[in-house]
Amino acid sequence: MKVLVINCGSSSLKFQLIDAQSQELLFKGLCERIGIDHSQISYTATGSEKVKKEVAMPDHKTAVSLVLTALTESGAVASLSEIDAVGHRIVHGGEKFTSSVVIDEEVIGAIEEVSDLAPLHNPANIIGIRACMELMPGVPMVAVFDTAFHQTMPEEAYLYGLPYSYYTEYGIRRYGFHGTSHSYVSKKVAEIEGKDYESIKTIVCHLGNGASVSAVKNGKCVDTSMGLTPLEGLIMGTRSGAIDPSVVEMIEKKTGKDTAGVMNVLNKESGVYGLSGNISSDFRDLEDAYIEGNENAIRAVDCFVYQVVKYIGAYAAAMGGVDCIAFTAGVGENSGFIRKLIVNRLGLFDITLNEEANKVRGEEKLISMPGSKVNVYVVPTNEELAIAKDTYALLA
Ligand code: AMP
């Protein structure tokens with residue numbers, strides 16, 4: 001089954017065509033600046049050169065239409081009838097969606113209903129669904145939610161210490177994100193260990209530009225660091241992570257910014273970017289500066305590392321132990337430097353880093369020494385493949 005995986009953002013659209021059975025990637029690309037000037041599409045069909053061109057994309061429907069044209073023009077498919085299904089990444093499923101579902105009008109309505117929980121993302125996701133429906137009538141579609149995997153969290157982990165009615169009336173609670181990645185990676189860890197997924201305790205550190213940690217016990221997510229929105233938890237590229245809510249009021253008073261202005265600071269000007277005095281949100285730049293002894297970079301990276309260590313400790317306690325720790329996403333998969341800073345602070349777990357193995361980049365690998373009480377792995381995430389597999393599982 002050939003599945004077109006669509007990840008539709010407010011001004012971007014990422015796409016991949018995957019053979020869900022052979023797990024082969026056939027085509028991938030990105031539309032950028034949709035609805036803005038100088039929009040462009042770039043794509044690569046497996047075995048071909050990358051194509052990049054500027055084309056007017058006033059809306060998402062035009063973008064989807066260009067993707068479909070590119071699929072045939074590049075030879076990735078001979079005709080669009082070869083596309084058997086579409087898998088859509090949906091950011092927020094609220095409490096309505098605990099797993100992936102086949103899309104129909106009722107599902108679209110339910111995604112719309114939870115849109116106030118993700119006002120920037122869910123409407124864009126729906127636009128992507130509608131555009132595909134119009135341009136590929138009759139092709140079945142599946143929605144895969146970033147929040148679904150975390151729906152197994154117990155009440156004690158997802159409730160905030162707020163008036164309970166805010167939860168029951170407004171749905172204010174921890175939802176968690178990156179669920180497709182946490183699910184994929186925790187399953188991979190069980191597979192590599194040769195253990196039953198239902199009887200292993202894993203902490204997954206998804207460290208990318210957005211970053212989150214999750215605790216997966218006996219095949220279920222029991223806690224995760226992101227919250228109502230992807231702003232909570234770890235210090236990230238440009239996001240603050242968890243702060244005292246009073247900070248918002250304080251920034252408003254000191255700077256004269258309104259709430260939207262402060263939220264913009266917390267989402268776009270904070271994290272390691274803000275902490276480093278705006279050196280960069282990219283960990284490659286920070287790593288270089290750190291090695292040169294730049295104290296701003298050292299401060300930012302050390303704060304980030306400390307937060308990851310703190311969550312690992314907390315989640316080990318929450319699960320009553322931990323068997324494995326996995327690093328994934330841009331930083332987790334590629335930066336031996338950051339992994340070393342983190343693992344060297346996990347002495348409590350009798351982990352010794354295998355320095356040679358830790359040189360690995362983007363490959364599945366055990367990076368702790370044999371005999372460590374907790375096995376530490378690098379596991380490349382593949383959210384698109386997970387979406388294609390879910391789509392296949394629901395439609396086959
Ligand atoms: P993601 O959001 O998962 O795409 O990850 C993006 C982040 O991964 C960026 O901050 C990149 O700097 C970081 N990243 C990618 N490659 C490396 C690398 N070799 N070393 C350090 N960080 C990296």
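Quick notes
- Working note: Karplus 6.51/-1.76/1.60 with θ = phi - 60° gives segment 172-185 the couplings 7, 6, 7, 10, x, 9, 6, x, 4, 6, 4, 5, 4, 5 Hz, where Gly and Pro are set to x.
- Anisotropy class of segment 258-396 from Cα gyration tensor, a/c 1.5 cut: oblate
- The H on the amide N of Ser368, modeled in the peptide plane, is under 5 Å from the matching H of Asn354, Val376, each at least 5 residues off or on a different chain.
- Segment 214-330 shape via C-alpha gyration tensor axes, a/c threshold 1.5: oblate
- With θ taken as phi - 60° and the Karplus curve 6.51 cos²θ - 1.76 cosθ + 1.60 applied, the whole-hertz 3J(HN,Hα) list for segment 332-342 is x, 7, 10, 9, x, 4, 5, 4, 5, 4, 6 Hz, x standing for glycine and proline.
- Put the Cα centre of segment 308-328 next to the Cα centre of segment 232-288 and the gap is 25 Å.
- Nearest 10 degrees, 0 to 90: helix 122-135 Cα axis against the chain principal axis: 30
- Per residue, the Cα convex hull of segment 31-113 amounts to 130 Å³.
- The calculated 222 nm mean residue ellipticity attributable to helices in the chain amounts to -11500 deg cm²/dmol, summing -39500 (n - 2.57) over DSSP H runs of n ≥ 4 and dividing by all residues.
- Ile90 long-range amide H proximity, modeled H, under 5 Å: Val144, Phe145, Asp146
- Each residue in Cys324, Cys8, Cys303 was given a count of other beta-carbon atoms within 10 angstrom of its own, and listing them fewest first yields Cys303, Cys324, Cys8.
- Dimensionless Rg/Rh of segment 338-396 - Kirkwood Rh, Rg from C-alpha atoms: 1.19
- Residue by residue, segment 83-94 carries 3J(HN,Hα) couplings of 7, 7, 6, 10, x, 9, 7, 10, 5, 10, x, x Hz when phi is fed to the Karplus relation 6.51 cos²θ - 1.76 cosθ + 1.60 (θ = phi - 60°); x denotes Gly or Pro.
- Beta bridges by DSSP in segment 1-143, antiparallel share as percent, to the nearest 5: 80
- Cα gyration tensor category, rounded, prolate or oblate, for the chain with a/c compared to 1.5: rounded
- For Ala326, the residues 5 or more places off, or on other chains, whose built amide H falls under 5 Å of its own are Ile203, Val204, Cys205, Tyr377.
- The coefficient of translational diffusion for segment 1-54, derived via Stokes-Einstein from the alpha carbon Kirkwood radius under 10 °C and 1.306 mPa s, stands at 135 µm²/s.
- DSSP beta bridges in the chain [antiparallel fraction, %, rounded to 5]: 70
Computed from the coordinates by the stated procedures, all read-outs in this text should not be read as laboratory data. Treat the numbers as computed from the prediction; the structure is a model and nothing was measured. Because the Cβ atoms are built from the backbone with ideal geometry, glycine has one as well, and the counts that use them run over all protein chains shown.
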